[in-house]
Amino acid sequence: MRSVQIQWRLRQVMAERGLFSTTDLQPLLAERGVVLSATQVYRLVTHPPERLNMQVLAAACDALGCSPDDLIGITVTEAPAGVAVAGGGGPLRPSRRALGAGASPARPTRVIVARDE
């Protein structure tokens, strides 16, 4: 199994260019047509995004004079045989729990009462 790790280096690239506050990036993006709130810029800088709009990526690269490779680092590692990698093998499912003496099943039993009319 292969494991892929992503490093989001926007904060590091900003620091290399003398930008130490997340609010320094906001006007640079706005000049390139990407208008984000201060909170959105803060999250973009401080947390790796799960999804990234291509316009935002292009604007950030242009504003910082860098390429996507400078902002996104990818590390691929091989897991030893027999070691499960999270997300690597089918859906994760909880294991069945053994019911001991006197334990009730996970779902209640339905009781049907017949009435004579």
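The values are calculated or read from the model by the stated rules, or taken from the named source; none is laboratory data. All figures in this text were calculated on a predicted structure; none of them were measured in a lab. Using ideal geometry, Cβ is built from the backbone for each residue, glycine included, and neighbour counts are taken over all protein chains shown. With ligands, DNA and RNA removed, areas are computed over all heavy atoms of the protein, side chains included. Shrake-Rupley method; radii C 1.70, N 1.55, O 1.52, S 1.80 Å.
Within the range 48-71, the set of residues being part of a helix (DSSP H, G or I) and of a type outside the set (D, E, K, R) comprises Met54, Gln55, Val56, Leu57, Ala58, Ala59, Ala60, Cys61, Ala63, Leu64, Pro68, Leu71. Taking the numbered list (1) within 30 Å of Ala15 (Cα to Cα); (2) in contact with a strand residue (DSSP E or B) (Cβ under 7 Å, 6 or more places away or on another chain); (3) modelled with pLDDT under 95 in turn, Glu50 passes all entries but (2).
If you take the residues in the range 1-41 that are assigned to a helix (DSSP H, G or I) and in contact with a Ser or Thr (Cβ under 9 Å, 6 or more places away or on another chain), which one is most open to solvent (accessible area, probe 1.4 Å)?
Here the answer is Arg11.
Every test in (1) in contact with a Lys or Arg (Cβ under 6 Å, 6 or more places away or on another chain); (2) at positive phi is passed by Ala59 save one, and that test is (2).
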